Amino acid sequence: MAALAVPAAAQAPAPPPSPAAPSKIEVTDEVGRRIFVPLPVRRIVSLAPNLTETIYALGAQDRLVGVTDFCDYPPEARQKTSVGGAVSPSIEQIVALKPDLVLAQAITMNRRETVDALENLGIAVYSANSHSVDGILESTRHIADLIGAREASAALLKDLRARLDDLQRRLAGRAPRRVLFVVWSDPLVSIGRRTFIADALRLAGAESIVETEQDWPRLSLEEVARQQPEFLIFASSHSESVRTTVNELSERPGWRGLDALRLRRIAIISDAINRPAPRLVDALEDLARQLHPDAFADKSENRKEKIENRKRAAISSHNLPIFSFPFSLFAFQGVL
């Protein structure tokens, strides 16, 4: 028997078509600009070293197609195509890389003229602008959301916040060390109280003697000598060069008036503290250990015990005689 035909009106309605994924997303960057970013973000150009570090920290380096001449960390970043300097990058080179997104650092690194020129060419530019350590973490989250790296961001930020919480717990109740952060020694330049570096110092158990609103103020040695900071802080990727600088400064009349220099209360930390990127937390922890070593005594003993236990286990497993030998517990970048 032939099958009965079902009237068209009785047929189940076809499901509505799935909405197409948006080809662009509208976001507001960290200086209040509304931008439209094409999705997905497959090609990224970074115009600042800290933003290059952030992309690597998020594990998205394969999508990083262009960097500046100053993007030197991690070392692999030097292998990326350079678009020139941060202040005046080559617009032509950036366009040739066909980026979906350009990352810029507002005010302190990249010029507004560069951002406007790229925007006029139809290229999305996200400007970051952090003034605190918490702002750096939030900026990292915003960038991760924009490029589709939320999972990596969640793990990274969880770790960073846990480490910052540990610092807060260890330093609770301790008076902050009064410090001078030396950006440049001749002329003497330090940091203002509204910079992210000043905020990092506070989290490391330090307090800058500089109270000015200027971000990078010039100081007189006479005024610094009058305030007598407890510690001088230098940031560099080459600690030996800092030691040479410190030795030279100790011979100058004005600098000889600083008790911190005379008593060698000098903290040398990684130049990561100069960059608003996740790696800054490493330098912050290092500084806290140098300024407040007693706050980390238990952690040092635990680590020493673990190392000794591993040595004993390795020796006993091979049935070898026990030898004692010196080893370095912490590889600090240096307290002179």
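Couple of notes before you dig in:
- Residues whose amide H lies under 5 Å from that of residue 214, counting only those 5 or more places away or on a different chain, are absent; hydrogens are built 1.01 Å from N in the peptide plane.
- 5 angstrom amide H check on residue 125, placed H, neighbours 5+ away: 102
- Per-peptide packing, taken as the mean over residues of other Cβ atoms within 10 Å, places 103-115, 25-37, 274-286 in the sequence 274-286, 103-115, 25-37 from highest down.
- Near-label residues of the range 263-278 by backbone N, under 18 Å of a point 7 Å along Cα→Cβ of residue 239: 264-274
- Here the Karplus curve 6.51 cos²θ - 1.76 cosθ + 1.60, taken at θ = phi - 60°, turns the phi angles of the range 113-125 into couplings of 4, 5, 4, 4, 4, 5, 4, 5, 8, x, 9, 6, 10 Hz, with x standing for Gly and Pro.
- Peptides 160-166, 45-51 ranked from most to least packed by the mean count of surrounding Cβ atoms within 10 Å: 45-51, 160-166.
- Calculated from backbone phi, Karplus (6.51, -1.76, 1.60) coupling profile of the range 139-150 in Hz, x at Gly/Pro: 4, 4, 5, 4, 5, 4, 4, 5, 9, x, 10, 5
- What the Kirkwood sum gives for the range 127-178 is a hydrodynamic radius of 12.5 Å, with every pair of different alpha carbons counted.
- Short-range pairs are left out: with C-alpha atoms under 8 Å and at least six residues apart, the relative contact order of the range 174-295 is 26 percent.
- Stokes-Einstein diffusion coefficient of the range 24-163, Kirkwood radius over Cα pairs, 10 °C, 1.306 mPa s, in µm²/s: 107
- Over the range 174-295, volume per residue of the alpha carbon convex hull, in Å³: 98
- Per-residue packing, averaged as other Cβ atoms within 10 Å, sorts the ranges 264-273, 221-230 into the order 264-273, 221-230, beginning with the highest.
Quick note: the coordinates plus some simple rules give every number you see, no bench work behind them. Quick caveat, the model's predicted, so the values are computed rather than measured. Using ideal geometry, Cβ is built from the backbone for each residue, glycine included, and neighbour counts are taken over all protein chains shown.
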